[in-house]
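Novice: Pasting a structure here, questions to come.
Readers should treat all values here as calculations from the given coordinates under stated rules, not as data from a laboratory. These figures come from a predicted structure and were not determined experimentally. For neighbour counting, all protein chains shown are included, and Cβ atoms are generated from backbone atoms with ideal geometry for every residue, glycine included.
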Amino acid sequence: MDQAGATRWQALSRAPECFYSGADAHPIYVDRLGASLPGRLPIVLVHGGGHTGACYLTTPDGRPGWAAAFAASGREVFVPDWPGHGRSPMRPDFATLSSIEIATSLQRLLEEIGPAVLLVHSASGPMAWWIAEQSPQAVAAIVGIAPGGPANLLPVLPDDAEAVAKLKDDESLGCPVRVEEDRPLFISPEFMRAYWANSGRFPQQAFEAYRRSIVPESARLMNERFNIGGKGLRIADPANLAALPILIVTGDSDPRHPRAVDEATARYLGADFVWLPERGISGNGHMPMCEDNSDEIAALIVAWLEAKGL
């Protein structure tokens, strides 16, 4: 076995480790696995709203997740839980936990281990753009999986539940919701089936296992994601990210991320945009890391990173 092969074997066989990072007010639990081959940067896999890092560790039907796929490609992999999610401590004010508080804890992790590739999903998208602008030395590239755009791109929605309810089927706005911020948001199975587990590629026989993995969410985070009252997370200037390699990946069965919306985010940020059907990959929804062709999409991302010399 040559040296590269020996290092790869070590990366795959090393037992996962865990540690805590984040801001003092909002610690985050982090799983770490694999080891980076020479010339390959570590990658941080950040979940979206209502989830934990478990969505990258294994699929609902029990297959190895994206964390294993990236470790097998020769990268050290870090998988955090947002503050108050999974094994990260939940503070009494969790219902009003904000995007910037979550982003600040993730920023601390990136500054500890970076430069690194930052892979984000859905509601963690706005956090990634903000972190890269605030700590450019820590973020070498961003991969966004159906990522939320910076609030700069989003119309300001009224801070009024009745008015927002009339927009709930507007895909161009992400099918927005507004929730009261006096308690955490508990996500219903009906919502999960409509927006997260809706595609033909989602392993429906494992829906109950997936449902059990979903955790309560900060109500404020949800409102900020849709820029209700103009309080979404913004960046100062997209030019600050112009030199950063960015990839945005979107499937054709995601009602909250129609092509036009994610393609507009890519244009604004100067990102590479992959509409999966154009790569011969169809039927993916909002959770491609959980769907039946998850390995195929992980391989597409690995190929992009290698083409960029990352």
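Novice: With springs only between Cα atoms under 10 Å apart, run a GNM on the chain and tell me which of Val77, Val164, Val139 wobbles the most.
Specialist: Looking only at Val77, Val164, Val139, the biggest GNM fluctuation is shown by Val164.
Novice: Over all pairs of distinct alpha carbons, what does the Kirkwood formula give as the hydrodynamic radius of region 155-251, in Å?
Specialist: Values: mean 1/r = 0.0634 Å⁻¹.
Evaluated on region 155-251, it is 15.8 Å.
Novice: Continuing with the same structure: To the nearest 20 Debye, how big is the dipole of the chain about its Cα centre, given +1 on the beta carbon of each Lys and Arg and -1 on that of each Asp and Glu? Before the final figure, lay out each step's value.
Specialist: Details: 26 positive and 37 negative charges, 84 e Å.
Roughly 400 debye, rounded to the nearest 20.
Novice: Need one number for region 12-117: average projected area of the convex hull over its C-alpha atoms, nm². Before the final figure, lay out the partial values.
Specialist: Working: hull surface 27.1 nm².
For region 12-117, the mean projected area of the Cα convex hull comes to 6.8 nm².
Novice: How big is region 166-310 on each of its three principal axes, counting only the C-alpha atoms and giving the largest first in Å?
Specialist: 46, 43, 25
Novice: Please compute the net charge surrounding His47, taking Lys and Arg as +1 and Asp and Glu as -1 over other residues with Cβ under 13 Å from its Cβ. Mind dumping the intermediate values first?
Specialist: Working: positive: Arg87; negative: Asp31, Asp81, Glu217.
Net local charge, His47 excluded: -2.
Novice: Same structure again: For the chain, set up a GNM with springs between Cα atoms under 10 Å and report which of Ile113, Ile246, Ile228 has the largest fluctuation.
Specialist: In this elastic network of the chain, the residue with the biggest mean-square fluctuation among Ile113, Ile246, Ile228 is Ile113.
Novice: Give the shape of region 225-278 as rounded, prolate or oblate, defined through the alpha-carbon gyration tensor: a ≥ b ≥ c are the square roots of its eigenvalues, a/c under 1.5 means rounded, and otherwise the shape is prolate if a/b is larger than b/c and oblate if not. Working shown, then result.
Specialist: Values: a/c = 3.15, a/b = 1.16, b/c = 2.71.
Judged from the Cα gyration tensor, region 225-278 comes out oblate (a/c at least 1.5, b/c at or above a/b).
Novice: P(r) tail for region 3-307, what percent of Cα pairs lie past 26 Å? Kindly include the intermediate steps, with their values, before the conclusion.
Specialist: Numbers: 18772 of 46360 pairs.
Tail fraction, whole percent: 40.
Novice: Using a cut-off of 14 Å between beta-carbons, work out the net charge of the residues near Arg259 (Lys and Arg +1, Asp and Glu -1, Arg259 not included). Can you show the working numbers first?
Specialist: Working: positive: Arg256, Arg267, Arg279; negative: Glu171, Asp252, Asp254, Asp262, Glu263, Glu278.
Result for the local shell: -3.
Novice: Loop-only check: which trypsin sites (Lys or Arg not before Pro) in region 122-221 are DSSP coil with at most 15 other Cβ within 10 angstrom? If you can, show how the numbers build up before the last one.
Specialist: Working: sites: Lys166, Lys168, Arg178, Arg193, Arg201, Arg211, Arg212, Arg220; in loops: Lys166, Lys168, Arg178, Arg201.
Answer in residue order: Lys166, Lys168.
Novice: Could you list the residues of region 162-196 with an amide nitrogen less than 15 Å from a label point located 7 Å from the Cα of Asp93 in the Cα-to-C-beta direction?
Specialist: 181-184
Novice: Given springs between every Cα pair under 10 Å in a Gaussian network model of the chain, which of Ala132, Ala95, Ala264 has the largest fluctuation?
Specialist: Of the options given, Ala264 has the highest mean-square fluctuation.
Novice: Return a whole-number percent for the relative contact order of the chain, with Cα pairs under 8 Å and 6 or more residues apart as the contact set.
Specialist: Details: 676 pairs, mean separation 60.2, N = 310.
It comes to 19 percent, rounded to a whole number.
Novice: Another one. Using a Förster distance of 30 angstrom, determine the FRET efficiency expected from the C-beta separation of Ser188 and Trp275, and round it to 0.05.
Specialist: On the way: r = 30 Å, r/R0 = 0.99.
FRET efficiency, Ser188 to Trp275: 0.50.
Novice: In the chain, with Lys and Arg counted as +1 and Asp and Glu as -1 at Cβ, which of these residues, Pro277, Gly232, Pro80, has the Cα nearest the positive end of the dipole, that is, farthest along it?
Specialist: Result: Pro80, furthest along the dipole toward the positive end.
Novice: At 222 nm, what helix-only mean residue ellipticity would the chain give, in deg cm²/dmol to the nearest 500, using -39500 (n - 2.57) for each DSSP H run of four or more?
Specialist: Values: 10 runs with 91 residues, N = 310.
The per-residue figure over the chain is -8500 deg cm²/dmol.
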